[in-house]
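Please read the structure below before turning to the comments.
The values are calculated or read from the model by the stated rules, or taken from the named source; none is laboratory data. Please read these numbers as outputs of a predicted model, since none were measured by experiment. Please note: Cβ atoms are built from the backbone with ideal geometry, for glycine as well, and neighbour counts cover all protein chains shown. Please note that ligands, DNA and RNA were not included when accessible areas were found on the heavy atoms of the full protein model with its side chains. Shrake-Rupley method; radii C 1.70, N 1.55, O 1.52, S 1.80 Å.
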Amino acid sequence: MAKQYLLTDRQVKEAFCPTGKDFIYLNDGGGLRLRIRPNQTKTWIHRWKVKKTEYNNSLGSYPEVSIKEARELKIKDRLLTKQGKNPALERRLSKYAISDSSRMTFELVAKLWMESNEEWSHTHRERTEALLNNHLKKLKDLPISVIDDQVILNSLLEIQKKGLKGTIPKAKSLINCVFSHAVSEKLIKSNPVILLTGNKKLKKNKV
């Protein structure tokens with residue numbers, strides 16, 4: 001019979017990410033893993049599959065969330081999954097006391113999307129967060145359900161006015177990914193970024 005848990009409190013406490021690696025994982029079994037980054041932050045990740053599709057859910061950081069608490073959260077995730085619910089979304093909704101998708105802000109969905117990409121390097125994650133915080137401030141607090149193609153276009157044109165043409169495709173790509181995630185989570189029905197394809201107001205960046 002396989003061992004139920006693979007990690008000990010001491011192993012978790014003493015674990016570190018070697019120099020030169022973006023992150024490492026320590027496996028506790030049953031889909032629960034501890035991700036450690038170069039700055040030695042430790043995050044509990046629960047990984048599972050539904051119909052061959054893999055999902056990941058952040059359960060919090062160590063030592064704020066102990067190994068015992070992480071295991072308990074993993075069990076709760078399994079119960080939610082059996083009910084056909086997305087544990088990551090349910091946890092976020094509960095944390096922010098959001099009762100319906102109409103109150104899901106762009107920033108909130110963006111964070112959910114970033115959390116689902118646990119394989120990202122630390123540098124890529126920082127760049128994505130900087131792009132969101134520095135160039136998409138007006139979108140952040142808006143409910144994602146009320147953001148249309150015109151609102152997105154206005155945000156991109158503001159970047160263009162600053163002469164940051166190279167930032168526009170990056171910002172547009174980020175917005176597109178966030179809305180695609182919202183569609184996949186059934187928070188909205190369609191992705192308005194598609195309507196901006198070929199828009200002549202957005203000037204192409206000359207390399």
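Things worth noting here:
- Identity of the residue in the stretch 47-68, at pLDDT 90 or above and surrounded by 15 or more Cβ atoms within 10 Å (Cβ to Cβ), that ends up farthest from the chain's Cα centre (by Cα): 67
- Test: residue in the stretch 122-133 that is part of a helix (DSSP H, G or I), more than 23 Å from residue 60 (Cα to Cα) and not aromatic (Phe, Trp, Tyr): yes
- Residues located in the stretch 117-169, provided they are free of Cβ contacts under 8 Å to residues at least 40 places away in the same chain, of a type in the set (A, V, I, L, M) and in contact with a strand residue (DSSP E or B) (Cβ under 7 Å, 6 or more places away or on another chain): 142
- Residue match in the stretch 11-32 (condition: under 26 Å from residue 124 (Cβ atoms) and of a type in the set (Ser, Thr, Tyr)): yes
- Restricting attention to the stretch 126-143, the residues that are at pLDDT 90 or above and either open to solvent by 10 Å² or more (accessible area, probe 1.4 Å) or over 22 Å from residue 165 (Cβ atoms) (or both) add up to 9.
- Where a residue in the stretch 6-18 is on the phi < 0 side of the Ramachandran plot and its partner, wherever it lies, is open to solvent by 90 Å² or more (accessible area, probe 1.4 Å) and in a helix (DSSP H, G or I), with Cβ under 9 Å and at least six apart: 9/68
- Reported count of residues in the stretch 27-45, each being open to solvent by 20 Å² or more (accessible area, probe 1.4 Å), farther than 21 Å from residue 87 by Cβ and without any contact (Cβ under 8 Å) to a residue 24 or more places away in the chain, is 1.
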